[in-house]
Structures are given as structure tokens and as C-alpha cells.
1. Run lengths n ≥ 4 of DSSP H only: what is the helix-derived mean residue ellipticity at 222 nm for the protein assembly as shown, with -39500 (n - 2.57) per run over all residues, to the nearest 500?
2. So, in nm, how far is label A:Glu50 from label B:Asp291 when the simple model puts each one 7 Å beyond its Cα toward the Cβ?
3. Please list, in chain and number order, the residues 5+ apart from A:Gly28 or on another chain whose amide H is under 5 Å from its amide H, with Hs placed from the backbone.
4. Under the definition of partner shielding as Cβ atoms of other protein chains within 10 Å of a residue Cβ, what is the mean value for peptide B:123-131?
5. In whole angstrom, note down how far apart the Cα centers of the range B:242-276 and the range B:108-149 are.
6. Quote the convex hull volume per residue of the range B:17-137, based on C-alpha atoms, as a whole number of Å³.
7. Could you pull the Rg and Dmax for the range B:26-88, using just the Cα atoms, both in Å?
8. Could you run the Karplus curve 6.51 cos²θ - 1.76 cosθ + 1.60 with θ = phi - 60° over the range A:118-129 and give me ³J(HN,Hα) per residue in whole Hz, x for Gly and Pro?
Amino acid sequence: MAVRTLLESIRETLAEEMRRDPTMIVLGEDVGRKGGVFLTTDGLWAEFGEDRVIDTPLTESLIVGASIGAAVNGLRPVPEIQFADFIFPAFNQIVSEAARLRYRSNNAFGCPITIRAPYGGGVHGALYHSQSVEAYFTHVPGLKVVVPSTPYDARGLLRSAIRDPDPVLFFEHKKLYRSVRGEVPDTDYVVPLGRAQVTRPGDHVTVIAYGLMAHYSLEAAELVAGEGISVEVIDLRTLRPLDTETILGSVKKTGKCVIVYEDNRFGGYGAEVAAVLAEEAFDYLDGPVVRVAGPDVPGVPYSHTLEDWFMVDPDKIAAAVRRLAAY
Amino acid sequence: MPSDETLREMHHQMVRIRLFEETIQKIYFEGKTPAFDIAAGPVPGEMHLAAGQEPVAAGVCAHLRPTDAVTATHRPHHVALAHGMDMKKLAAEIFGKDTGLGHGKGGHMHLFDPATNFGCSGIIAEGMPTAVGHALAFKKQGRDDVAVSFFGEGAANQGAFHESLNLAALWTLPVVFVCEDNAWAISVPKEKATAIANNSDRAAAYGIPGVLVPDNDPVAIYEAAGEAVARARRGAGPSLIEIKTDRLLGHFEGDPQAYRTKEELALLKERDALRAFERRLIDAGSLTAADAEATWTRCRTEVDGAIEFARTSPYPEPAAALQHVFA
């Protein structure tokens, strides 16, 4: 078994899938000769050529729009949006076209595309290179939304996403690209979409997170473990469809839940998780469902002091867990 | 110059489109009077009819085959029928019936037909990026099919228009962009919305042919489209055609059209391209008066059959609204 970074895992998976499926193409800004601004597609251009690894103009609407048309006619496009912050020019194509194609054609057309986009803060990308955009898309029926946090999951989830007959948004946290390493088997395993994972079992408080926050939540659990607080951590991995079975099972056991997300708090993804728990686990709750999330400012600010203030970190999560455990 | 046989077929298409839409127009107002209630009657919702724009559909689609992809607008019937869409399934969709193309999910301006690779959308310029994607797939698969994107002159001010032309030109894709310039974006005339007189001039910005058809003449449209389609089929890249056509009716049925004068509307009606084309064919000996009469009769029968099919078809079960969000 090989040890890989998250980025290496994604890069190798893209290459493997391109070898496996000759209809797969990769397209986006700088994905070709340069291999992507993060080097996530490095090597693909050399191996598969410009016919299948396509440098596009700066035209997000068309990167997605052309992918949709190509998918309808038998290609399997895996477009990259260079930063999740840049996805909004393509928002209309994703929401109005990709998400609805199967439904409004009553199953006559499908749209098998996987849109990859690096997201998230903590790397001083500032206002327009740090955003978490998942909530805009998890709101939309017809889209699947995936956020891997480990090299193992990234590989298994990306395989599932690319092979899925419907559109998938695959958000990769920039800060995890090179900071996380893990064992990745050589086998053709998949991680099914829609299944969360309990990454640390515990009894007193459930912490639900994804992406970078899944790691910070594990760190927070470790911080409070010595204080006698036993935390169960769940990495959602897929945000939509949401694995309600796993989260309800855990919260019914612990009776307390902290939901952690990096995005702005108001109307963020965690709000939906909280609503599910309130509706379906109310009788089991021994305290309020708590959100630890980014503050409600219009962007992740740049400066060291400001970004540190914005970012959710293990200490902030641990503080919320302590308060809830004592409730 | 098209053969007499082709001219007669174009006339036939224009007649069946006109008769179909005139019939839909009458049915549309069933149940909506005396006070106009847009949600009532067998055909609820908005209705955008294409009377006057039949030459565009007949002239362009004469060059197409069912495997060619077509994207159209919120005013789609003329293009859909000329490209070969089954009239019964079209009528049933307009009635919201289970036998319709989308089994009642889409209605009149959201038609999808795998049999003719046809799609249209209620969002302006929406089909242009996907048309580029259709063409991208055709090129990569080595097929000589083409994609034709119909859009109104109002759509040419959207970013998607420019991004689509750029990408199609850059990648030498088999796309024909057909601008149906009916001079009105609902109530706003073209000269109040577009900085130049002719959108065809915008082709120069992307180094592709831009052809202006100034007078809604079916033969001139046929000639221009023939060249553009042939160019696309032989792999020489995209073209832009702008056709100055006429919108004889309001933007939608029930539109009081206070923004147009009575004289203007009367003039449009007087120069109705269908009647003019029929007279011309008869005068030139390409069509006998008896043949023309027979065409109207034949189309009447076809339309009546389609309407009967739609009226007698069942509505979808409400639970069907949950189907086909995903594969």
C-alpha cells in the first residue's frame, strides 16, 4: 500500500480513470500543459494529449456548458473550475442545465459530469480564493456534492463521482492538498457516494464535519479527551445525498451534537444538518444542536490576524464541545 | 437555389407549423376568459408562439438530420417541428400530459427529444454553451453531425453568446449559430438594447463567417444555412447567421403589445412570409394552387390528430413528479 497526499491521490485517480474510460476528458483553465495551478492534473497532458486534456479559455460558463453538451453525446467530461470562487459564472449552467437535464427530459437525457473545484481558506487566498461554496449547490436537487478529506476517500469518491450517471460537484480543500497523507490501496476500490464515516467513536458528543473541518474535529476530540469528554466524530464525505442514517444513529446515542463547517454560518450547510436532527432526533437530544462555523462576513479576509479570526480551528471546536458537554 | 421538391417541403413545414400554432392559440384561451387567468384551461402557463418566424425553421432545418443537435429558445415550436419532433408528443407535452415528451414536466418551452437531439430552455442564451458541447463531442467522436443553436437577438447581448462564439471558433467546432432577430426582446426594441445594427457583424470579432439575411426570405435562409451547415460538416468550423424575421404576435399570448402600434402590426401581418412564399411558389410554377390547398388539408388532419391525442391522453400521476431526479 502506497502513501499519498490528497493531491497525489486525486491526480493518480484522474489518470487511472482516463486509462479506463476512453470517453473521459479533462478540461479547464491551465489543466493541460501546466497541469493545473495546484498541479492536480500534472502529467495528464503528457500522457493523454491535448485532445483529452484541454486548456480552455477563461470561460467558466462554457467550461461547464460545453461539458454538459459533450456529456449528452457520450463523452464523460471532468471539468475543473480553478478555484471554487470562480464557479459563479458557471452557476447558471450547473443549476439550470446540469442539475435539471434528467428531470425535465423525464430521463431522456442524463448529464454525467464531475466538476472539480479547490475550495476553502486557511491559506491566505483572501476574499476570492478562499470561499466555501457548497451550500449553494447542496440546495439544488439533481446535484451530488462531495467533499473528501483523506487520500483514501478522495480516490474512492472520485471514482464513484466520475462513474456516476449524474452531475457531481467534487470540492477539494486547498489546505489539505499537500498537508494530508494517507495509505491508498492499489485496488480499484470505490467509496460510494452518500455514505458518511465515523472517524472516531465516542459517547458524549457527536461532532459532524467535512473537508478540512473533519481533521480539525478529530484534533478537537483529542484536545478534550483528557478532560473526560468522549467525542464521536463523523466525516460526512458526501454532503448530498446526506447520510441521515449515520448521523441520526450517532446523535441518538450521544444526545448532543456539534456541526462544524468553514462556510459562513447563516444558511450554511450545517443549518440543514441541524434541521434534520431537530426533526428526526428531537426526543434523543440532551442539549441544543450547536453550529461552529465561519463568521458572517462577505469573504475570508487576508491578513494573518483577520484570517485566523475567521477560520474555525480545533480550539474553537473544542470550546464548543466543552460547553455542550457541560450543558 | 433549392429544388422544387425542397421548396414544396419547406412550404409544407411552414404550413404545418402555422396550423399547429394557430390551433394551440385557440385552445390556449379555453378556460381563460372572460378575465384572463394564465393558470387556467387545458394549456396553462405562458405561451410563446412563432407565427412569422417559420421561414427560419424551414430554411435551416431543411439541411439537418435527426442526429444533428439543435438547441432552441422559449419560442421553440417552429424549430422543433421542422427538425422532426413528433407532433403528437409535442402537443401532449404542451397539454401537460403523461404521453408528452417530458411526461408533463416541461411544458411548451422546455422540450427535450432524444429522437431528434433537441433541447430548449426558458433561460436566454442557455442553449448556446451546450450546443458548443454537442459539437465538441461530435468532433472528438469523428462524427460529421453538426450542432445548431437558435437564439433571439436579445440573447446576443449575453455573455454566453460571446463565450460560445469564441470557443466554437477557437476549437473549429461544427456549430451553426442562428440568430432569430424578430426585433423585439419582449417589449424592448433591438435598437434600445444592442449597440450595433447587425449581430452578424459580431462574427468578425471571432474570425468566423457572419451572414445577414435581411428579409425573412425562406430561400435566402435556406441558402445561408446550407453554406454554414456544409462548412460545419466538413470540419471548417462555426458560422453565425442573423435572420431579420417577424414576430407577428405578442411576446406571449395575452400580451397587449402597447409597445407596438396598430399600423406596425398590420404591416407585419400584410407581409406574412408564409403567404408570400406560397404565392411566390405558385407564381413560379413550383407549386400548384391545388397542391397548396392539399398541403393545408393534409396538415390540418395531422394537427387535428395530434391535438386529439393530447386531449385524450392521461395526466401524469402526481407521484411522477418525484421521478428522474437522478438515474
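1. Numbers: 22 runs with 249 residues, N = 654.
-11500 deg cm²/dmol, from helical runs alone.
2. Reported label-point gap for A:Glu50 and B:Asp291 is 5.1 nm.
3. A:Ile54, A:Thr56, A:Glu80
4. Values: counts 4, 0, 3, 5, 3, 5, 14, 15, 3.
Across the residues of B:123-131, the mean count of other-chain Cβ atoms within 10 Å is 6.
5. 28 Å
6. Working: hull volume 12.4 nm³, N = 121.
Taking the convex hull of the Cα positions in the range B:17-137, it is 103 Å³ per residue.
7. Rg and Dmax of the range B:26-88, Cα atoms, are 14.6, 45 Å.
8. Each residue's phi maps through the Karplus curve to give x, 9, x, x, x, 10, 6, x, 6, 3, 10, 9 Hz.
Coordinate-derived values only; no laboratory data. Source: prediction; values computed, not measured. We place every Cβ from the backbone using ideal geometry, glycine too, and count neighbours over all the protein chains shown.
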